[in-house]
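Chemist: A single structure is presented below for examination.
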Amino acid sequence: MDSLLKHMVDMTGHRDHAMLDISVISAVQELAGAAQTRILSIATVAGQQYLRARAAIHAGGEARLEDAPDGALGEPLSPELARCLAEHRASAEACGADGSRTLWLPIWFGDTASTCLELRNDKPFCSDTIHTVGGIVGVYRNFQNLLDYSERDSLTGLLNRKTFDDQLARMLHSAHEQDPRLPGLAERRQPHGPEKQWLAVVDVDHFKAVNDKFGHLYGDEVLILIANLLQSSFRVQDRVFRFGGEEFVVLLRSTTLDNAWKIIERFRTNVENHEFPQVGRVTVSVGFVSISAYESPVVTLGHADQALYYAKSNGRNQACHYDDLVSHGMLQAVTSNDTAEFF
């Protein structure tokens, strides 16, 4: 009982989804004695559902966040879990050929489950264990719902503007650890570049025309579908925000410039090729820049915004990298002040 109470206090002490995930799998792993426990996102891509690991812990190990490979859709759903989700059941269990057991507990919010807890063991889980874990899942669901209410945009379900500053501050700290240079030194150039953190600003092209021609209900549907494409095109470790209106911002975690281009282009072409009901074809423009620990968030946002403005002023439906534009003389490097304009 003391251990359970300690875990409950730890879970409800977090104000961050990632740390809440770490806390809940640590609690479940200890109390259930499982061989492995994972928190999974349930993603829908082209009508198919996939599982993407967000955090995992093995027996005797430490809980850690999971990074999905670039371009990975995720793991296909097992038949047992697929039936569980289709029938809106509280749990599903499968038995492997070697007698091992896998238990899934979807986290339901009304009729929707976008998160699932998974436990693996070499023997069946007893009813007391399932009952205890079910209680932890209930606390986790309620607290995650509270976090979502304060951190997520009500229309698209993406992270909102309020959460952006904290997430960017973490990335700036990570960028400093990866590149602890003295301020003012030139950026190191390599053929494929080192892994960095990136910030991308996304704007829906001619969105006002969509609202004017089809009405705001269809405009809202376009934003919801674009949000879905953002979540399916970017990686589970990236963070996607709605800044308001037709403006979105993405924080890409450690990757090279080449991969950043590929991920952003994948999203842009996914939007271009998507058939939006009634509206038809919709495109987006993107400006992106690497995140430096030696530049303020306002400067970083301003540089991405400059690249976005160039993309929209030169044909739209394209992605532009700030440093490339500056190096080719298409943009003049300007140090921003305390304001950054988004449109």
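The values are calculated or read from the model by the stated rules, or taken from the named source; none is laboratory data. What you see is a predicted model, and the numbers here were worked out from it, not measured in a lab. Glycine also receives a Cβ, built like all others from the backbone with ideal geometry; neighbour counts cover every protein chain displayed. Calculation scope for accessible area: heavy atoms of the full protein, side chains included, ligands and nucleic acids excluded. Shrake-Rupley method; radii C 1.70, N 1.55, O 1.52, S 1.80 Å.
Chemist: Going through the range 153-179 one residue at a time, which ones are modelled with pLDDT of 80 or more and in contact with a Leu (Cβ under 9 Å, 6 or more places away or on another chain)?
Modeler: Listed by number, the residues that qualify are 153, 155, 156, 158, 164, 167, 168.
Chemist: Does the range 92-138 hold any residues that are hydroxyl-bearing (Ser, Thr, Tyr) and open to solvent by less than 20 Å² (accessible area, probe 1.4 Å), and which are they?
Modeler: Once the filter is applied, which keeps residues that are hydroxyl-bearing (Ser, Thr, Tyr) and open to solvent by less than 20 Å² (accessible area, probe 1.4 Å), the range 92-138 yields 102, 115.
Chemist: When the residues of the range 263-280 are narrowed to those that are among the aliphatic types (A, V, I, L, M), touching a residue at least 60 places away in the same chain (Cβ under 8 Å) and part of a helix (DSSP H, G or I), which ends up nearest to residue 300 (Cα to Cα)?
Modeler: Per the stated criteria, the residue is 264.
Chemist: May I ask you to verify whether residue 147 is assigned to a helix (DSSP H, G or I), closer than 24 Å to residue 239 by Cα and open to solvent by less than 50 Å² (accessible area, probe 1.4 Å)?
Modeler: Yes: the conditions hold for residue 147.
Chemist: Here is a check on your reading of the model: is residue 260 out of contact with any strand residue (DSSP E or B) (no Cβ under 6 Å at 6 or more places or on another chain), in contact (Cβ under 8 Å) with a residue 40 or more places away in the chain and of a type outside the set (S, T, N, Q)?
Modeler: It is false that residue 260 is out of contact with any strand residue (DSSP E or B) (no Cβ under 6 Å at 6 or more places or on another chain), in contact (Cβ under 8 Å) with a residue 40 or more places away in the chain and of a type outside the set (S, T, N, Q).
Chemist: Would you point out the residue of the range 226-247, among those that are in a strand (DSSP E or B) and in contact with a helix residue (DSSP H, G or I) (Cβ under 6 Å, 6 or more places away or on another chain), that is least open to solvent (accessible area, probe 1.4 Å)?
Modeler: The qualifying residue least open to solvent (accessible area, probe 1.4 Å) is 241.
Chemist: Condition (residue is under 21 Å from the mean Cα position of the chain (by Cα) and surrounded by 18 or more Cβ atoms within 10 Å (Cβ to Cβ)) applied to the range 74-88: is it met by at least one residue?
Modeler: Taking every residue of the range 74-88 in turn, at least one turns out to be under 21 Å from the mean Cα position of the chain (by Cα) and surrounded by 18 or more Cβ atoms within 10 Å (Cβ to Cβ).
Chemist: While we're here: Step by step: first the residues of the range 248-262, then only those that are in a strand (DSSP E or B) and more than 18 Å from residue 203 (Cα to Cα), then the one that is modelled with the lowest pLDDT. Which residue is that?
Modeler: 254
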